[in-house]
Amino acid sequence: MTDSDTSKWIKIQNGYQIEQRTDNSLLFVLEEKLQIPNRILRLIPHFVTPRALMTTGFISAILAGLCFYLTTFSKYWFIGSSIFLLVYLFCDRYDGRLARLRGITSKRGYYADHMFDTLAILIIFTGLGISPGLKFIIGISIVVLYYIIAINTFLMTYVRGVFNVTFLRLSPAEAILLLVGFCLISLFFPYPLIIFKINFPLSEKITLLDLAGIGALLVFFYIATSSIVKNFTYLEQFEKKYHVETVWEYFKKVFFGKKTSCLNKILTQVNKLSQKKK
């Protein structure tokens with residue numbers, strides 16, 4: 001049922017089943033190859049809880065969005081946004097791992113983690129969208145497509161029991177790192193860095209971040225459409241294999257099957273009604 005087998009875990013914790021998780025992103029493979037997560041998790045003090053990491057990450061996302069807005073007044077606020085993005089990325093990647101390592105995962109933690117991540121993306125790209133570097137419509141469009149991908153992921157978790165965080169060997173972590181890279185590049189060039197101008201239909205200046213945002217939109221659109229089509233295809237094949245395709249097929253199976261005939265069904269119902277009257 002899965003397309004990637006790089007990382008899998010199915011556990012029973014706190015009385016309920018955790019879904020099967022898949023991750024073969026570039027960053028994850030590199031981390032596992034160098035055994036970075038194990039080393040970092042051993043260094044985290046016992047008093048630092050997954051909830052503390054999650055809260056710190058969410059606050060960092062808010063501060064990153066604020067720094068993006070403040071680049072309106074000085075491009076050196078990109079330093080602050082880069083630092084807070086990296087803190088958010090670290091906390092987001094290790095709060096869940098820390099909870100699983102300590103065996104303290106919960107439904108509330110799962111819900112809070114993904115809800116805070118959803119809000120964090122909105123805050124970060126809203127702050128970037130109201131800055132001079134990125135047009136607001138592009139920033140909000142990125143958020144909308146990200147939400148579509150996230151909704152598809154959560155629905156796939158429900159219908160297939162698989163939580164897939166990787167598409168095209170990319171995950172949200174790689175997107176955050178690319179954003180940090182563009183922030184650092186913006187420090188060494190005039191800000192906003194105008195690449196070219198468009199005079200039709202309106203006079204618009206296209207910046208470096210605009211081009212990066214348009215590229216992200218194209219990638220997100222491809223990920224969303226291909227993943228949705230793939231899931232529909234899988235579910236259609238699954239239903240053909242294990243279920244009846246049409247109402248007519250179901251009718252024939254119930255009333256004209258090998259083990260059950262229409263007459264037997266009618267007689268059974270008559271017997272049940274007669275017994276109730278007695």
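Just so you know, all these numbers are worked out from the coordinates, no wet-lab data involved. Keep in mind that this is a model prediction, so the values were computed, not measured.
For region 12-242, the alpha-carbon radius of gyration amounts to 1.11 times the rule-of-thumb value 2.2 N^0.38 Å expected for a compact globular protein.
For the listed residue pairs K135/K197; K107/K230; K135/K205, the alpha carbons are over 19 angstrom apart in K107/K230. Normalise the Debye intensity by I(0) for region 94-142, one equal point scatterer per Cα, no solvent, then take log10 at q = 0.19 Å⁻¹ and round to two decimals. The Cα Debye sum returns log10 ratios of -0.65. The Cα atoms of region 157-230 give a gyration tensor whose axes a ≥ b ≥ c have a/c of 1.5 or more with a/b no greater than b/c, which makes the shape oblate. Any chance you could check the Cα centroid distance between region 65-126 and region 28-45 for me, in angstrom? With region 65-126 and region 28-45 each reduced to a Cα centre, they are spaced 19 Å. Semi-axes of the equivalent ellipsoid of region 52-155 are 27, 17, 8 Å, computed as sqrt(5λ) over the eigenvalues of the C-alpha gyration tensor in descending order. The ratio of the alpha-carbon radius of gyration of region 107-184 to the globular-protein estimate 2.2 N^0.38 Å is 1.20.
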